[in-house]
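S.K.: Quick one: this structure, given as structure tokens, is what I'll be asking you about.
The values are calculated or read from the model by the stated rules, or taken from the named source; none is laboratory data. Note that this is a predicted model, so its numbers are computed, not measured. Ideal geometry is used to build each Cβ from the backbone, glycine not excepted, and the neighbour counts take in all protein chains shown.
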Amino acid sequence: MEEQLKIDFEKLLENSNFSKNNVEIKRKSFNNFIEKGFPNRREESWKFSDLNQIISKNIKNLSFYNDLSKPNKIDQSIFIDGLEHNKLVFVNGRIEKIEFDYEEKNKIEILDDLFLEKPKNANNSLLFLNNAFVSKYFKLIVKKNYSLQKPLVIYNITNKDLVSKSINLKVDILLEENSSLKLIEFSDDKSTTNFININYNLDLQKNSFLKNYKIDNNSNSNIKYYFNNISQDNNSISEIFLLSSGSEFIKNEINCNLNGKYASAFVNGVFILNKTKHHEIKTNINHLVENTKSYQLIKGVLEDTSKAVYQGKIFVDSKAQKTDGYQLSKAILLNDNTEFNAKPELEIYADDVKCSHGSASGSLNEDSIFYLMSRGLNYKEAKKLLINGFLLDVVEKITDFEIKNLIKNIMSLKQ
Amino acid sequence: MREKQIDKLKDYKYGFTTDIENIRAPKGLNKEVIEFISKAKKEPKWMLDWRMKAFERLKNLKEPNWQKPKYPKIDYQDIYYYSAPKSASEKPKNIDELDPKLLETYKKLGIPLQEQQRLNGIAVDAVFDSVSVATTFKDKLNEVGVIFCSISEAIQKHPELVKKYLGSVIPLTDHYFATLNSAVFTDGSFVYIPPGVKCPMELSTYFRINASQTGQFERTLIIADKGSYVSYLEGCTAPMRDENQLHAANVELVALDNAEIKYSTVQNWYPGDENGKGGIYNFVTKRGLCKGTNSKISWTQVETGSAITWKYPSCVLQGDNSIGEFYSIAITNNYQKADTGTKMIHLGKNTKSKIISKGISAGFSDMTYRGLVDISSKAKHSTNYTQCDSLLMGNKCGAHTVPYIKNKNPESNIAHEATTSKISEEQLHYCQQRGLNPEEAVGLIVNGFCKEVLQQLPMEFAVEAQKLVGISLEGSVG
Amino acid sequence: MLKIKNLKADIDSKSILNNFNLEIKSGEVHAIMGPNGSGKSTLSNILSGKKGYDVSGEILFENKNLFELETEERAHKGIFLAFQYPLEIPGVNTNIFLKTSLNAIRKARGEKELDAIEFLKLVKIKAKELKFDEEKLNRQLNVGFSGGEKKKNEILQMSILNPKLSILDETDSGLDIDALKIVADGVNSLRKKDNSFLIITHYQRLLDYIKPDYVHVLMNGKIIKSGGPELALELEKKGYENFN
């Protein structure tokens, strides 16, 4: 693989027009990745998901260079129906459409070709891989006091042409003071066995509000890693919902720094997995100042031989008195050979805090099934009803009514 | 308050040294020292071979370093691996023949070896530095066929049992400290409860490190044969010294069909002074195997001492319907550090495990609960319940919870809960309004917080443990 | 017994009590009535020694400066506060708490500490007098107790500790009429010539059962009017708003 990486990296530099600074950072990042390679289970944060093994098992002849010179056709039928929205469309890793029809033009700014920086987390080799191979690095700025009229949907589409490629995207979003954004990230994959590595940086300034919904629902054989880094200033709120279901493997990592007083972060997620799928959600919530709040609720329903992992850490700095942190993860295992692993972790250095976590996994409650059957449902219906109820609990946490309904539709939870 | 705190620490009640002539092996870890130990204990060849095998493996092992409390590198060549009171080199036949100084030591520790016989009916094995110096109540236990003796004696008198079970729960090559212990262990207790026997009294071992620059590596093996029951208590103390001393013990428990072992520990090794100087490194491997169906192993620990405590008393639930329990109170104050918890490995059907952990940190200390619950795909209808509560006193200390939860069985259920809190000003005020001083109030509230664990301890230990909980936190209020 | 002179109390630079004066003599029962936020609970907190207030002025209890005494020392001297919201202390057995408390006070007074048997005998008598279910005393302190049970538990503690000055902070709130009678009976049975009471309340209704010698109206941090029991009735009729 190292040979391939080297060839592809040189090809990328040859065919692109990066600034001198970026070439330098890219080289450094590349060397760093070569040194470390894909993470494996010997690293604590990859203990339950050995990416190195997963990639070598699922992807034959992975290549890292992606020719972005020619535009891709957009399959319009993929666009979300019945929801007016702005669009950023990536097809096979190439930006194909930027459309903010509903918004005031001077309130939104999009930059590309930004200066790259060395990743802050030196242990995460995938951030170095991303740095080395990302071709365009985008930044979206929502200006002070502006709230977008309509949600923004970032489409990550891959089509049949894409096979065994590594795609690296990097998007920064800055919400200036008092601004707000509803962001849906929607994946649709018709491609096979690619490794998709997406790096989001979300910067929430004072009093800003981000609602971020990530939907991966269509079955596909891709391996994906999302790294979401969130910084929050005073009074800002982030609300994240993850529907983790479609791809063969996904690891969604959320690192949230609550840097400002009264900042709060909500992360809710749902795993719906079957066959051999293996998904992970990892959250690191860092309470760094007084009076911050976080809440995480993760639920999973596992079928066949699927596996779900939740690693959630709440860190409370000694300065972060009056922290309120709560975390709960639950999974229902429907078959033999399914597996749910959890590592709910608390690291606390302040005494005046309220922190708790819980985790539970097991089978559907047979008594409840029996109760429903005594009311006339058959076994299958009873089971379905209970599972829906179990998951609905998480979906109901979504505060945007329109998007909540959309997600219920996608999950066929409409009652 | 500061002065008071120092006074309190000077009061580490067990901090005295006993002036006793010792026989020591030369310093250092090498073949000769292991041969010395084996020879001093008059061991048969198979035992020496076993030790040597461990020593060979040790060369390829590295010290683990994933734990939260870090410590300066230990120079394994600078430790005495064997130290024995000279007077005990010819083992006395009964307690009256013991060196009076030793008797005095145990009396100071609150374990009068002689009176013990007459008073509260607990059989005691006393381990002083590297050797077992006395075991009480032997005759009475013999009547029902219970073997309770030092492991050295067991190696000579019951080689078949030792050969069969030693290393059967903690393999020779398990990890660095366990393997080190296998190579150099000096003494410890051996218990065998024959089929169908309910051990007529509590068995107890008191460990005492006395000599300086000495590591203590004891080895305990408890076998509860079919349908038997035993309750075993372990207590530990050490003198106050500026240096850090290593204590790396191995404890193996085996419960056969329908047998039950209850293992309680009150660990009060010297914790170091108020600046974190000195104290014991308590790196212990404890593991129980529920080998038979319907067997049960229950660990209860009160960990208040040691500079660093690093241990995970675990249960391997191999037999169908077997039960594993872990009840723990861990308290750290000043600069103490603890990384402790348990592993519950569910292999058999209908296995159950329960974990109740109460961690209290004060001063500049740091406390981690780390635990693993692993339900394998064969362990149908198994359950685990875990409750981990942490209490912080002040914002210079840390409390962490790191559970690993693995469920591979759809018919099994795991539930884990954890909370972190502090003693509220309101609770303190309420108690003070009723006339309690702040330290009494904290003691009372903390004992309440620990109640679920304290009530698991046998009566004699519960009282001692309650006092210890109060004493360990003195100086942390106000 | 208790003399409060020019008491001023602030919390986070917000003034709660200002120019507050009160004197309670041995054997007297005083009632302080006032609307929400008038400073009633602050008064009981300060008398019991709760931290977090900036205070000035003077409080003398049997000619001793209260500000020099820690909370528990005040308890030893005979000040008892029946809390408005009695605290739950998980894991701590109520009987053990009470015994520890009683013996701490007895010890401070130079009296002999009670052993378990003597203590239980005392509790049995007191619990019977107050119709308090003895079985509840074997439960964790206030954990799982109803609001009424918690309040009755406070009165039981009061009668066992036998204080000189009892402060009842809204003990009547949340009580049904039967519980109210029991609480009042408890207080009345402790009325002696050398025991005093300070009853802090919102409503006049408790005063139907415990006849006070004096009634004070507290508003905006000071006593605006004092009088006999008839003042409570007047207050009840007019309401706090029109009282000025």
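S.K.: Restricting segment C:87-102 to residues that are more than 7 Å from chain B (Cβ to nearest Cβ) and without any contact (Cβ under 8 Å) to a residue 40 or more places away in the chain, which is farthest from residue B:434 (Cα to Cα)?
M.R.: C:96
S.K.: OK, next. Return the only residue of A:358, A:312 being within 9 Å of chain B (Cβ to nearest Cβ) and within 28 Å of residue B:388 (Cα to Cα). Write out each step before concluding.
M.R.: Details: A:312 fails: within 9 Å of chain B (Cβ to nearest Cβ).
Of A:358, A:312, the one residue that is within 9 Å of chain B (Cβ to nearest Cβ) and within 28 Å of residue B:388 (Cα to Cα) is A:358.
S.K.: Any idea which residue in segment B:30-87 is nearest to residue B:278 (Cα to Cα), counting only those that are in contact with a Ser or Thr (Cβ under 9 Å, 6 or more places away or on another chain) and of a type in the set (Val, Ile, Thr)?
M.R.: B:79
S.K.: Inspect segment B:411-424 for any residue being out of contact with any helix residue (DSSP H, G or I) (no Cβ under 7 Å at 6 or more places or on another chain), under 26 Å from residue A:317 (Cβ atoms) and free of Cβ contacts under 8 Å to residues at least 12 places away in the same chain and give the result as yes or no.
M.R.: Residues of segment B:411-424 out of contact with any helix residue (DSSP H, G or I) (no Cβ under 7 Å at 6 or more places or on another chain): B:411-422, B:424.
Filter once more, so that each one left must be under 26 Å from residue A:317 (Cβ atoms): B:416-422, B:424.
When the remaining residues are screened for being free of Cβ contacts under 8 Å to residues at least 12 places away in the same chain, the result is B:424.
Within segment B:411-424 (the criterion being out of contact with any helix residue (DSSP H, G or I) (no Cβ under 7 Å at 6 or more places or on another chain), under 26 Å from residue A:317 (Cβ atoms) and free of Cβ contacts under 8 Å to residues at least 12 places away in the same chain), the answer is yes, since at least one residue qualifies.
S.K.: Now for a different question. Kindly evaluate residue B:468 against the criterion of being in contact with a helix residue (DSSP H, G or I) (Cβ under 7 Å, 6 or more places away or on another chain), away from chain C (no Cβ under 12 Å) and among the hydrophobic types (A, V, I, L, M, F, W, C). Explain how you work it out, then say what you get.
M.R.: Numbers: in contact with a helix residue (DSSP H, G or I) (Cβ under 7 Å, 6 or more places away or on another chain): no; away from chain C (no Cβ under 12 Å): yes; among the hydrophobic types (A, V, I, L, M, F, W, C): yes.
When the stated conditions are applied, residue B:468 does not pass them.
S.K.: Of the residues that make up segment A:383-403, is at least one at the interface with chain B (Cβ under 8 Å from one of its Cβ atoms) and at pLDDT below 90? Before you say what the answer is, go through the steps one by one.
M.R.: In the first step, residues of segment A:383-403 are kept if they are at the interface with chain B (Cβ under 8 Å from one of its Cβ atoms); the result is none.
Among the residues of segment A:383-403, not one is at the interface with chain B (Cβ under 8 Å from one of its Cβ atoms) and at pLDDT below 90, which makes the answer no.
S.K.: Between a residue in segment B:52-76 that is assigned to a loop (DSSP other than H, G, I, E, B) and any residue that is at pLDDT below 90, which pairs come within a Cβ distance under 7 Å, given they are 6 or more apart or on different chains?
M.R.: Taking only residues 6 or more apart or on different chains, the pairs are B:74/B:246.
S.K.: Scan segment A:326-353 for residues that are facing chain B (nearest Cβ under 7 Å) and among the charged types (D, E, K, R) and jot them down. Outline the logic, then answer.
M.R.: Taking segment A:326-353 as the starting set, the residues that turn out to be facing chain B (nearest Cβ under 7 Å) are A:333-353.
Hits for segment A:326-353 are A:336, A:339, A:343, A:345, A:347, A:351, A:352.
S.K.: Taking the residues in segment C:62-86 that are aromatic (Phe, Trp, Tyr) and either surrounded by fewer than 20 Cβ atoms within 10 Å (Cβ to Cβ) or more than 7 Å from chain B (Cβ to nearest Cβ) (or both) as candidates, determine which candidate is farthest from the chain's Cα centre (by Cα). Working first, answer last.
M.R.: Initially, segment C:62-86 is screened for residues aromatic (Phe, Trp, Tyr), giving C:67, C:80, C:83, C:85.
Subset that is either surrounded by fewer than 20 Cβ atoms within 10 Å (Cβ to Cβ) or more than 7 Å from chain B (Cβ to nearest Cβ) (or both): C:67, C:80, C:85.
On the way: C:67: 18, C:80: 6, C:85: 12 Å.
Across segment C:62-86, the extreme among qualifying residues is C:67.
S.K.: Separate question: Restrict the check to segment B:440-449 and report whether at least one residue is within 14 Å of chain C (Cβ to nearest Cβ), at pLDDT 90 or above, over 30 Å from residue A:336 (Cβ atoms) and not in a helix (DSSP H, G or I).
M.R.: Within segment B:440-449 (the criterion being within 14 Å of chain C (Cβ to nearest Cβ), at pLDDT 90 or above, over 30 Å from residue A:336 (Cβ atoms) and not in a helix (DSSP H, G or I)), the answer is no, since none of the residues qualifies.
S.K.: Can you list residue pairs whose Cβ atoms sit under 6 Å apart, with the first residue in segment A:341-364 being part of a loop (DSSP other than H, G, I, E, B) and the second being among the hydroxyl-bearing types (Ser, Thr, Tyr)? Count only pairs 6 or more apart in sequence or on different chains.
M.R.: The qualifying pairs are A:349/A:318; A:350/A:318; A:353/A:323.
S.K.: Within segment C:185-206, take every residue that is of a type in the set (A, V, I, L, M) and either surrounded by fewer than 22 Cβ atoms within 10 Å (Cβ to Cβ) or touching a strand residue (DSSP E or B) at 6+ places or on another chain (Cβ under 6 Å) (or both) and give me the one that is farthest from residue C:238 (Cα to Cα). Steps first, answer last, please.
M.R.: From segment C:185-206, those of a type in the set (A, V, I, L, M) are C:187, C:190, C:198-200, C:206; that's our starting set.
Then keep just the ones that are either surrounded by fewer than 22 Cβ atoms within 10 Å (Cβ to Cβ) or touching a strand residue (DSSP E or B) at 6+ places or on another chain (Cβ under 6 Å) (or both); that gives C:190, C:198-200.
Numbers: C:190: 32, C:198: 23, C:199: 21, C:200: 19 Å.
The residue in question is C:190.
S.K.: What tally of residues in segment A:185-207 results from selecting those that are without any contact (Cβ under 8 Å) to a residue 40 or more places away in the chain, outside any strand (DSSP E or B) and under 24 Å from residue A:264 (Cα atoms)? Show your work before the answer.
M.R.: To start, the set of residues in segment A:185-207 that are without any contact (Cβ under 8 Å) to a residue 40 or more places away in the chain comprises A:185, A:190, A:192, A:200-203, A:205, A:207.
Restricting the remaining residues to those that are outside any strand (DSSP E or B) gives A:190, A:205, A:207.
Narrowing the set further to residues that are under 24 Å from residue A:264 (Cα atoms) leaves A:205, A:207.
Matching residues across segment A:185-207 total 2.
S.K.: Looking for whichever is modelled with pLDDT of 95 or more, within 10 Å of chain A (Cβ to nearest Cβ) and within 24 Å of residue B:449 (Cβ to Cβ) here; the options are B:373, B:402. Which one fits? I'd like the intermediate steps shown before the answer.
M.R.: Working: B:402 fails: modelled with pLDDT of 95 or more.
Checking each option against the conditions leaves just B:373.
S.K.: Conditions: (1) farther than 18 Å from residue B:386 by Cα; (2) within 9 Å of another protein chain (Cβ to nearest Cβ); (3) over 24 Å from the mean Cα position of the chain (by Cα). Residue A:367 meets all but one. Number of the miss?
M.R.: (2)
S.K.: Could I ask something else about it? Being in contact (Cβ under 8 Å) with a residue 40 or more places away in the chain and of a type outside the set (A, V, I, L, M, F, W, C) is the filter; apply it to segment B:344-356 and report the residue that is farthest from the other protein chains (Cβ to nearest Cβ).
M.R.: The first filter runs over segment B:344-356 and keeps only residues in contact (Cβ under 8 Å) with a residue 40 or more places away in the chain, leaving B:344, B:346, B:348, B:351, B:356.
Subsequent filtering for residues that are of a type outside the set (A, V, I, L, M, F, W, C) retains B:346, B:348, B:351.
Working: B:346: 13, B:348: 16, B:351: 14 Å.
Among them, the one singled out is B:348.
S.K.: What's the total number of residues in segment B:422-439 that are outside any loop (DSSP other than H, G, I, E, B), crowded, with 18+ Cβ neighbours inside 10 Å, of a type outside the set (Phe, Trp, Tyr) and within 7 Å of another protein chain (Cβ to nearest Cβ)?
M.R.: Number of matching residues: 5.
S.K.: Another question about this same structure. Residue B:419 passes all but one of (1) within 30 Å of residue B:349 (Cα to Cα); (2) of a type in the set (Val, Ile, Thr); (3) part of a strand (DSSP E or B); (4) within 14 Å of chain C (Cβ to nearest Cβ); which number fails?
M.R.: Exception for residue B:419: condition (1).
S.K.: Of the residues C:112, C:50, which is among the basic types (Lys, Arg), facing another protein chain (nearest Cβ under 8 Å) and either surrounded by 15 or more Cβ atoms within 10 Å (Cβ to Cβ) or free of Cβ contacts under 8 Å to residues at least 60 places away in the same chain (or both)? Can you show your working first?
M.R.: Details: C:112 fails: facing another protein chain (nearest Cβ under 8 Å).
After applying the criteria, what remains is C:50.
S.K.: Now for a different question. Across segment C:1-17, what is the number of residues that are within 21 Å of the chain's Cα centre (by Cα) and surrounded by 14 or more Cβ atoms within 10 Å (Cβ to Cβ)?
M.R.: So the count comes out to 9.
S.K.: With respect to residue A:247, is the statement that it is buried (at least 22 other Cβ atoms within 10 Å of the Cβ) and assigned by TED's automatic domain parsing to the domain that holds residue A:343 true? Spell out the reasoning first.
M.R.: Values: buried (at least 22 other Cβ atoms within 10 Å of the Cβ): yes; assigned by TED's automatic domain parsing to the domain that holds residue A:343: yes.
So residue A:247 passes the test.
S.K.: May I pose another question? Can you find, within segment B:212-242, the residue that is modelled with the lowest pLDDT among those that are buried (at least 22 other Cβ atoms within 10 Å of the Cβ) and small (Gly, Ala, Ser)?
M.R.: B:238
S.K.: Right, another one. Looking for whichever is touching a Lys or Arg at 6+ places or on another chain (Cβ under 8 Å), small (Gly, Ala, Ser) and either buried (at least 23 other Cβ atoms within 10 Å of the Cβ) or modelled with pLDDT of 75 or more (or both) here; the options are B:132, B:152. Which one fits? Steps first, answer last, please.
M.R.: Working: B:132 fails: touching a Lys or Arg at 6+ places or on another chain (Cβ under 8 Å).
Going through B:132, B:152 in turn, just one is touching a Lys or Arg at 6+ places or on another chain (Cβ under 8 Å), small (Gly, Ala, Ser) and either buried (at least 23 other Cβ atoms within 10 Å of the Cβ) or modelled with pLDDT of 75 or more (or both): B:152.
S.K.: Next question, about the same structure. Residue B:380 is checked against (1) more than 7 Å from chain A (Cβ to nearest Cβ); (2) outside any loop (DSSP other than H, G, I, E, B) and fails just one. What number does that condition carry?
M.R.: Going through (1) more than 7 Å from chain A (Cβ to nearest Cβ); (2) outside any loop (DSSP other than H, G, I, E, B) one by one, residue B:380 breaks only (2).
S.K.: Turning to a different aspect of this structure: Of all residues in segment B:375-394, which are among the charged types (D, E, K, R) and within 21 Å of residue A:328 (Cβ to Cβ)?
M.R.: Narrowing segment B:375-394 to residues among the charged types (D, E, K, R): B:378, B:380, B:389.
Matches in segment B:375-394: B:389 only.
S.K.: Does any residue of segment B:293-312 turn out to be farther than 22 Å from residue B:469 by Cβ, surrounded by 24 or more Cβ atoms within 10 Å (Cβ to Cβ) and of a type in the set (Ser, Thr, Tyr)?
M.R.: yes
S.K.: Does residue B:459 meet the test of being away from chain C (no Cβ under 14 Å) and either farther than 30 Å from residue B:351 by Cα or touching a helix residue (DSSP H, G or I) at 6+ places or on another chain (Cβ under 6 Å) (or both)? Can you show your working first?
M.R.: Values: away from chain C (no Cβ under 14 Å): yes; either farther than 30 Å from residue B:351 by Cα or touching a helix residue (DSSP H, G or I) at 6+ places or on another chain (Cβ under 6 Å) (or both): no.
Here the answer is no, as residue B:459 does not meet what is asked.
S.K.: Related question: Give me a count of the residues in segment B:372-397 that are among the small types (Gly, Ala, Ser) and buried (at least 24 other Cβ atoms within 10 Å of the Cβ). Reasoning before the result, please.
M.R.: At the first step, the residues of segment B:372-397 found to be among the small types (Gly, Ala, Ser) are B:376-377, B:379, B:382, B:390, B:394.
Restricting the remaining residues to those that are buried (at least 24 other Cβ atoms within 10 Å of the Cβ) gives B:379, B:382, B:390.
Qualifying residue count for the region: 3.
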